[in-house]
Amino acid sequence: MHDPFEESLRDLLKSSALAHDDDAALGRVLKMASRQAGAGDLFALVGHWFEALMIGLNNGSPHIAPVSRRSTLDSFADKAD
C-alpha cells in the first residue's frame, strides 16, 4: 500500500543521509513526522467536535419549539365568528 506520508519521510531521511549526520537527519525526520501527525490529530479532533455539535443540535431542536401557555379553549374564544 502506497503511503505518501511514509514516502516523504523516507525521501527526507535519504536526502539527509548524504550529509552523514545521522542524528540531525533523524531529528529532522522525527520533527516532520510529529508535525504531520499532530496536524492530522488536530483536524480529527475538530471533525469529531463538529459532529458532536451537529448531533446535539439535531437532538435538541424539538425542545426549542415555542410553547403556548394558553389553553385550547382560550384560543377559540379569540377568533371572530
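Do we find a residue being modelled with pLDDT of 70 or more, among the charged types (D, E, K, R) and in a helix (DSSP H, G or I) anywhere in segment 45-65? Yes, the conditions are met somewhere in segment 45-65.
Applying a threshold of 7 Å to beta carbon distances and a minimum spacing of six or more residues, or different chains, the list of pairs starting in segment 1-28 at a residue that is within 19 Å of GLY40 (Cα to Cα) and surrounded by fewer than 13 Cβ atoms within 10 Å (Cβ to Cβ) and ending at one that is polar (S, T, N, Q) and modelled with pLDDT of 75 or more reads PHE5/GLN36.
The values are calculated or read from the model by the stated rules, or taken from the named source; none is laboratory data. Quick caveat: nothing in here was measured; it's all calculated off a predicted structure. Backbone-built Cβ (ideal geometry, glycine too); neighbour counts: all protein chains shown.
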